[in-house]
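All remarks here apply to the structure that follows.
Just so it is clear, none of the values below were taken in a lab; they were calculated from the coordinates. All of these numbers come straight from a predicted model, not from anything done at the bench. Please note: Cβ atoms are built from the backbone with ideal geometry, for glycine as well, and neighbour counts cover all protein chains shown.
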Amino acid sequence: MTVTATVYLTALAVRADEQLFGYVKGSETLPKGASEIYQWITYRADKGAGHYEAIDWKTEFEYGVSDRFSASLALKSLSIDTRGLLVDGYVPGDKKFGFRFSGFEAGLKYSFLQPAKDPIGLAMYWSFDYDMLDPHSGQDKDTLSAEMQLLAQKYFLDGRLIWVGNIGYEATYAKRAEIANLPVGFDWPTDPEMELELKFGTGLSYRFVQNWYIGAEALYETEFETEVGQERWTWFAGPSLHYGGKRWWATLAYFAQLAGGGEQHPAQDDFNLHLIEKTKYEIRLKVGLNF
Amino acid sequence: MRNVIQWVALPALVVAAPCYATVYHTVESAQQACFPEATQFASAGVKLSKEQMRAIEKDSGVRVRLDSQRVWRATKNAEFLGWFIVDEVIGKHEFITWALALSADGGVQSVEVMEYRETYGYQIRNADWRAQFLGKKHGAKLKLDDDVKNISGATFSCRHITDGVKRLLSFHDIMLKQ
């Protein structure tokens, strides 16, 4: 699987628009007529019990409809390897597969103010997401999400120091497929569920030499669900390294869960974290190319 | 984790690929473009003290990054034609190398983009956009979307070249004015 995907990614690699961070977003849009392809790879690991590894793959195409408005479409896939981990209502058993198509995502971004010209850059971002696999367990699950975020960006030191701030929410409708041979007493609700997630993110990135940025980002997410109220909350933070060239860029980010709460599973080894829908850490690599 | 290491190794290989710049002018060709009638360009590089850098910053409102400036005095035989200054401003990823020519009375005679390495924003080479600066002198407002039109999609480069002109007009006023 890795070899195939490496060839796939290598074929894409080479280009440049700024996604300086792994998780938080900047406010700038592509110029009119510009196109870019991004490959995202997110490695998620460790739920504090058993063995858990997952990789989210996303291949995204973005187009500058106007100098202020860009649209994107992404195909997503999932790899998962979980063993010896049972989380009631979430992870019903071992699962392992290498690479499965999991859904698609459409995004729109409109820039109201530009950070290079105005006191602060501001943009609205909308995304519409469909998943057919549960990213936590790898089981079949239909999920529809609509997300909206306000993105802010500010340049300092002639653009060498960049701050971004995000605030947004995501509404989700999800329905799980039935599973045969569930463990005795295991709860696996198949009624539709509605969730609302709020997120607040910030990041600071500094160009320390030409083409290279080093940064740090943090993200607070909390999710509310009809039955349990606040289902989860997490604080993630970590460093990011970005290279931007004339034709391509790459960003590598490490994101560790610093604190979390809400629902927890009894086997987890750290009760200061939320390890049901999140992991202890993530590593994200993005590569983009323009053409 | 083994998968991750393999993926991390990939960008390292990609990063090793060289970046390239588009060179539109050498110093000599830019000098000729700015002062075609000149017979001599005498190097007159300037080293700035901290006080001088601060004075230029205060006068222009633009940060001065470097303490030296590459300057030539353009003459036709013994007649002073003006100043030719090579400068760098910050682009999205790398520096934009450009040149400013000032006439003998300190007005902008020409703006030339010498090297451009960015993905977007190359429209700043457009002659009409650069022509907006012609005749501007020290004290001009030089503000994007005010007396200098912005090029949508090239805002970052427009902003920094505009700021660069403003800074060099202050540099001229403080350091070169005769």
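Annotations
- Residues of the stretch A:123-150 with amide N under 17 Å of a point placed 7 Å along Cα→Cβ from residue A:177: A:130-144
- With R₀ set to 51 Å, the beta-carbon distance separating residue A:210 from residue B:77 gives a calculated FRET efficiency near 0.80.
- Partner shielding of A:245-253 amounts to 5, given as the average count of beta-carbon atoms from other chains within 10 Å of each residue beta-carbon.
- FRET efficiency estimate (nearest 0.05) - Cβ-Cβ, residue A:167 to residue A:267, R0 35 angstrom: 0.55
- In chain B, the DSSP-assigned H stretches of four residues or longer account for a calculated mean residue ellipticity at 222 nm of -9500 deg cm²/dmol, using -39500 (n - 2.57) per stretch and the full residue count as denominator.
- The stretch A:3-290 - Kirkwood radius from inverse mean 1/r over Cα pairs (Å): 19.7
- Proximal aspartates and glutamates relative to residue B:58, as straight alpha-carbon distance under 17 Å, when same-chain residues fewer than 8 apart are discounted: A:158, B:67, B:163, B:173
- Loop-located trypsin sites (Lys or Arg not before Pro) in the stretch A:40-96 (DSSP state other than H, G, I, E, B) with a sparse environment of at most 14 neighbouring Cβ atoms within 10 Å are absent.
- Cross-link partners of residue A:58 among lysines, defined as those whose alpha carbon lies under 17 angstrom from its own and excluding same-chain residues fewer than eight positions apart: A:25, A:76, A:286.
- The Kirkwood radius of the stretch A:140-289, taken over pairs of alpha-carbon atoms, gives through the Stokes-Einstein law at 4 °C and 1.567 mPa s a diffusion coefficient of 73 µm² s⁻¹.
- Residue B:63-residue A:32 FRET efficiency (beta carbon distance; Förster radius 25 Å; 0.05 resolution): 0.25
- Residue with peak Gaussian network fluctuation, chain B [Cα springs, cutoff 10 Å], from B:91, B:139, B:164: B:139
- In chain A, helices alone account for a calculated mean residue ellipticity at 222 nm of -1000 deg cm²/dmol, with every DSSP H run of four or more residues adding -39,500 (n - 2.57).
- Approximating the spin labels as points 7 Å out from Cα along Cα→Cβ, the residue A:63-to-residue A:198 distance works out to 3.7 nm.
- Cross-link table B:47/B:143; A:175/A:280; A:47/A:199; A:47/A:96, entries beyond 19 Å C-alpha to C-alpha: B:47/B:143; A:175/A:280; A:47/A:199
- Alpha carbon centroid spacing (whole Å) that separates the stretch A:245-291 from the stretch A:46-104: 12
- Between 0 and 90 degrees, the angle of helix B:2-15 with respect to the longest Cα principal axis of chain B falls at about 30 degrees.
- The loop-placed GluC sites (Glu not before Pro) in the stretch A:182-280, going by DSSP, that have at most 13 neighbouring Cβ atoms within 10 Å of their Cβ come out as A:227.
- Ignoring aspartates and glutamates fewer than eight residues from residue A:95 along the same chain, the ones with Cα atoms less than 14 angstrom from its Cα are A:53, A:81, A:134, A:140.
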